[in-house]
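Let me begin by presenting the structure, written as structure tokens, before commenting on it.
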Amino acid sequence: MTVYYKGFPQSTREEKLKMTNLLELPEKVKKIMPEGAYYYIASGAENEWTWRNNTQAFNHFQIVPRALTNMQDPQLDTTFMGMNLKTPVMICPIACHGIANAEAEIDTAKGAKAAGALFGMSTYCNKSVQDVQKAVGKSHRFMQLYLSKDWDFNKMVIEESEKAGFEGFYLTVDALVSGYREANIRTNFTYPVPLAFFQEWTGGKGEGQSVAQMYANSAQKIGPDDVRKIKELTDLPLIVKGVKCAEDAYKALGAGADGIEVSNHGGREVDGGPATIDVLPGIAREVRHAGRKVPIIFDGGVRRGSHVFKALALGADLVGIGRPFLYGLALGGAQGVQSVIEQLNKELLIDMQLTGCKTIEDVKHAKIDHFTYSADWGISSTSKSVMPPYPVTEDNQLKGEAADAVSGASEH
């Protein structure tokens with residue numbers, strides 16, 4: 001169940017996950033993941049206001065249920081940039097999957113393929129693009145670029161990714177330096193396992209470096225010319241990731257980008273910036289004026305199928321997840337990643353049925369309201385994090401055959 005790399009414990013779990021919702025996963029992960037690694041995934045920058053509000057801000061928008069729609073059996077299949085996907089949920093690129101599972105990006109790619117989802121892989125990956133290709137063969141996957149100051153390195157990443165069957169690229173533009181991540185500082189976190197591209201290029205393993213040190217080796221100056229330069233190096237689609245306003249979207253598209261990703265890096269960079277769901281509608285409206293079709297990926301705080309629904313209805317074509325799939329990877333390997341996507345799919349299908357949306361394209365035209373509520377944030381009252389132990393009395397316990405079939409009190 002656990003192996004060790006120079007004393008760092010790596011999960012080897014491979015199993016489907018049993019869960020009520022994704023919010024249960026962080027506490028489970030703490031039992032098998034070292035504190036520094038857990039908070040590398042789980043925390044945000046500074047006071048974590050943006051990190052928290054990425055999820056809370058979904059409550060600023062409300063799904064309008066529809067009746068008399070004469071519809072059943074909604075379908076999740078969708079197309080994106082020529083790819084036929086089984087779900088609008090995608091795997092966002094995150095560094096160093098090896099802190100979650102010994103199989104790292106290999107298992108993440110397997111889980112995404114099993115779920116029919118697009119897989120995004122980071123430049124700061126533990127497994128090589130060749131390893132992923134051998135493991136999953138043909139599958140839908142994009143490579144994320146953290147630009148290096150060394151353009152020979154950038155060219156190598158692009159060329160190796162193309163050879164290994166990757167179908168497109170993301171350029172991350174909102175992480176020129178590391179945000180002030182206090183949890184990483186308090187736990188003295190450094191990357192505990194080697195990073196594949198660094199091994200291949202310099203012989204350096206990348207391990208032992210802090211997040212800030214890794215970013216210091218990357219380009220701190222990125223502009224439209226860098227987008228143009230990447231487009232000169234590849235004919236594959238390029239998504240500019242880290243857009244938070246329409247002006248920057250125009251810059252990216254004007255420089256030749258094929259699409260954008262509305263993202264604030266999971267609240268890990270600028271604390272005090274807006275939640276991504278709050279800026280998505282305006283950006284989508286601006287860049288799609290006069291019927292122009294601009295592919296838009298969204299990420300930030302997604303924990304529920306209703307969050308996926310809202311993001312699609314407010315302008316996204318695909319909805320990315322980050323932290324939850326890493327929790328699934330740690331708890332269940334490839335099957336855990338698949339389980340996380342399937343949980344969101346399950347919840348999304350219910351919302352589609354109750355709003356009369358047969359297809360994902362229907363969801364993109366669903367009715368969304370925007371009201372301000374005083375109680376802006378809350379989770380299920382039966383979540384283990386807030387639910388007190390249920391009282392056990394002589395009168396409320398099942399007995400006899402009923403007790404053999406089901407417990408009379410919830411586990412807490």
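The values are calculated or read from the model by the stated rules, or taken from the named source; none is laboratory data. Note that the coordinates shown come from a computational prediction; the quantities given were computed from them, not determined experimentally. As a convention, Cβ positions derive from the backbone with ideal geometry for all residues, glycine included, and neighbour counts pool all protein chains shown.
Looking at (1) part of a loop (DSSP other than H, G, I, E, B); (2) surrounded by fewer than 24 Cβ atoms within 10 Å (Cβ to Cβ); (3) on the phi < 0 side of the Ramachandran plot; (4) in contact with a helix residue (DSSP H, G or I) (Cβ under 7 Å, 6 or more places away or on another chain), can you tell me which one residue 101 breaks?
Against the list (1) part of a loop (DSSP other than H, G, I, E, B); (2) surrounded by fewer than 24 Cβ atoms within 10 Å (Cβ to Cβ); (3) on the phi < 0 side of the Ramachandran plot; (4) in contact with a helix residue (DSSP H, G or I) (Cβ under 7 Å, 6 or more places away or on another chain), residue 101 comes up short only on (2).
Of these, 65, 74, which one is touching a residue at least 12 places away in the same chain (Cβ under 8 Å), assigned to a loop (DSSP other than H, G, I, E, B), surrounded by fewer than 18 Cβ atoms within 10 Å (Cβ to Cβ) and in contact with a Leu (Cβ under 6 Å, 6 or more places away or on another chain)?
After ruling out the rest, the residue left standing is 65.
I need a count of the residues in the range 277-293 that are within 14 Å of residue 364 (Cα to Cα) and either at pLDDT 95 or above or touching an Asp or Glu at 6+ places or on another chain (Cβ under 9 Å) (or both).
The qualifying residues number 4.
Being without any contact (Cβ under 8 Å) to a residue 12 or more places away in the chain and either surrounded by fewer than 18 Cβ atoms within 10 Å (Cβ to Cβ) or over 23 Å from residue 306 (Cα atoms) (or both) is true for just one of 28, 18. Which residue is that?
Answer to the selection: 18.
Name the residue, out of 114, 45, 57, that is within 19 Å of the chain's Cα centre (by Cα), assigned to a loop (DSSP other than H, G, I, E, B) and not basic (Lys, Arg).
45
Might you check whether a residue that is buried (at least 16 other Cβ atoms within 10 Å of the Cβ) and either aromatic (Phe, Trp, Tyr) or within 20 Å of residue 35 (Cβ to Cβ) (or both) occurs anywhere in the range 168-177?
yes
For the range 217-246, give me each residue that is within 26 Å of residue 316 (Cβ to Cβ) and in a loop (DSSP other than H, G, I, E, B).
Passing the criteria: 222, 223, 234, 235, 236, 237, 244, 245.
Restricting attention to the range 123-134, which residues are in a helix (DSSP H, G or I), surrounded by 18 or more Cβ atoms within 10 Å (Cβ to Cβ) and out of contact with any Phe, Trp or Tyr (no Cβ under 8 Å at 6 or more places or on another chain)?
Once the filter is applied, which keeps residues that are in a helix (DSSP H, G or I), surrounded by 18 or more Cβ atoms within 10 Å (Cβ to Cβ) and out of contact with any Phe, Trp or Tyr (no Cβ under 8 Å at 6 or more places or on another chain), the range 123-134 yields 131, 132, 133.
Every residue, every condition in (1) in contact (Cβ under 8 Å) with a residue 24 or more places away in the chain; (2) hydrophobic (A, V, I, L, M, F, W, C); (3) surrounded by fewer than 16 Cβ atoms within 10 Å (Cβ to Cβ); (4) touching a Leu at 6+ places or on another chain (Cβ under 7 Å), yes or no:
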{"position": "37", "(1), (2), (3), (4)": "yes, yes, no, no"}
{"position": "40", "(1), (2), (3), (4)": "yes, no, no, no"}
{"position": "61", "(1), (2), (3), (4)": "yes, yes, no, yes"}
{"position": "85", "(1), (2), (3), (4)": "yes, yes, no, yes"}
